Amino acid sequence: MTKQDLRIVFLGTPEFAVESLEAIISAGYNVVGVVTMPDKPAGRGHKMFESPVKLCAVSHGIKVMQPANLKDAAFIEELRSLQAELFVVIAFRMLPEVVWSMPPLGTFNLHASLLPRYRGAAPINRAVINGDTETGVTTFFLKHEIDTGDIIAQERVDILPEDNVGTVHDKLMHLGARLTLQTIADIITGTLTTTPQDKLIGDIEPTPAPKIFKEDCRIDWTQSRESVHNLVRGLSPYPGAWSEMVADDASQGQIKIFETSLPEPTPEGVGAPGTVVIEGTRMFVYAADGPVEILSLQVAGKRRMDTASYLRGTRQENIRFEA
């Protein structure tokens, strides 16, 4: 089977998936259809938002399907009419069996972790939040339970101390596109081998990576300063870690924190969790075992700024963060 003979349907939504879709198209494969999320209103003007994957497909003249219900009979019939041999899934919704079992060569998914670690919706965030020093991408064939199918291939990458979720996302996006192409090539040639995830469990413990909600982003200053620092890294630049700042007049305001560091040596003195110490244009907030330096932040209704700019424009007396 040649690249042109292999009929592929691609399923995905965000920018992370676009890199792989572009790579598949550029490599000369025959993408006969794309499935992505329905358009939805977004922003103050409620302008209809089209997914990055849809915009990519339209730019290449590829048929786009946007079902609200993946079990809808009309959608299933439309999908079947494309006569695709292979489905490729990246950053999409959970598929019903009637969809993933359709193509004769199977349906494989690219997942942004080293499975069986970080099964779920937020693998990149969770790896950085947990202070991991390594992550990667995995391709695997879909089965009933989410992110549990037989592993086809994996590639690893370091998480560096200076990385945040944004930089790790981009590393995995590029690495994932290469692994996706390699997986398709191995499927065509029939040279791939798979490994059931059950065989890895014991050496590698399965780790959940549930969706990130607002309360997950709240900083708990009673945790260690390393935990606070990693939470900020794992939520920057989006959705952003946050905390409630309390002033001496008891007024409160929510502040997002995007960059922190762990200063050495630490400022003189000790403080209860949430205590703020300001030294010139630098701000330190105490966690359970010492201070964290705040490097950039955003006050509600304002733009993101470095700490020095923030301190020049605000009162500095008797402020603290809710622990």
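The values are calculated or read from the model by the stated rules, or taken from the named source; none is laboratory data. Quick caveat: nothing in here was measured; it's all calculated off a predicted structure. Note: ideal-geometry Cβ built from the backbone for every residue, glycine included; neighbour counts use all protein chains shown. For the accessible areas, the whole protein counts, side chains as well, though only heavy atoms, and no ligand, DNA or RNA atoms are used. Shrake-Rupley method; radii C 1.70, N 1.55, O 1.52, S 1.80 Å.
Things to note:
- Within the stretch 245-264, the set of residues being open to solvent by 40 Å² or more (accessible area, probe 1.4 Å), out of contact with any Ser or Thr (no Cβ under 9 Å at 6 or more places or on another chain) and not aliphatic (A, V, I, L, M) comprises Asp248, Asp249, Ser251, Gln252, Glu264.
- Filtered residue count, the stretch 82-102, keeping only those that are open to solvent by 10 Å² or more (accessible area, probe 1.4 Å) and over 22 Å from the mean Cα position of the chain (by Cα): 10
- Among the helices (runs of 4 or more DSSP H) confined to the stretch 64-150, the ones with at least 3 residues that are more than 30 Å from Pro161 (Cα to Cα) and not polar (S, T, N, Q) are located at 73-81, 97-100.
- Elements of type strands (runs of 3 or more DSSP E) in the stretch 228-323, at least 2 residues being at pLDDT 95 or above and closer than 25 Å to Thr167 by Cα: 241-246, 252-261, 290-299
- For the stretch 129-168, the candidate set comprises residues that are within 16 Å of Thr193 (Cα to Cα) and among the small types (Gly, Ala, Ser); within that set, the residue that is most open to solvent (accessible area, probe 1.4 Å) is Ala153.
- Filter result for the condition that a residue is touching a strand residue (DSSP E or B) at 6+ places or on another chain (Cβ under 7 Å) and buried (at least 19 other Cβ atoms within 10 Å of the Cβ), over Asn125, Asn109: Asn109
- Inclusion of Ala17 among residues that are in contact (Cβ under 8 Å) with a residue 12 or more places away in the chain, open to solvent by less than 40 Å² (accessible area, probe 1.4 Å), closer than 27 Å to Ile152 by Cα and not in a loop (DSSP other than H, G, I, E, B) is warranted.
- Among the residues of the stretch 200-227, those identified as buried (at least 18 other Cβ atoms within 10 Å of the Cβ), closer than 28 Å to Pro116 by Cβ and in contact (Cβ under 8 Å) with a residue 40 or more places away in the chain are Thr207, Ala209, Ile212, Ser227.
- Scan of the stretch 176-187 for residues that are surrounded by 18 or more Cβ atoms within 10 Å (Cβ to Cβ) and either at pLDDT below 95 or more than 14 Å from the chain's Cα centre (by Cα) (or both), ordered by number: Ala177, Leu179, Thr180, Thr183, Ile184, Ile187
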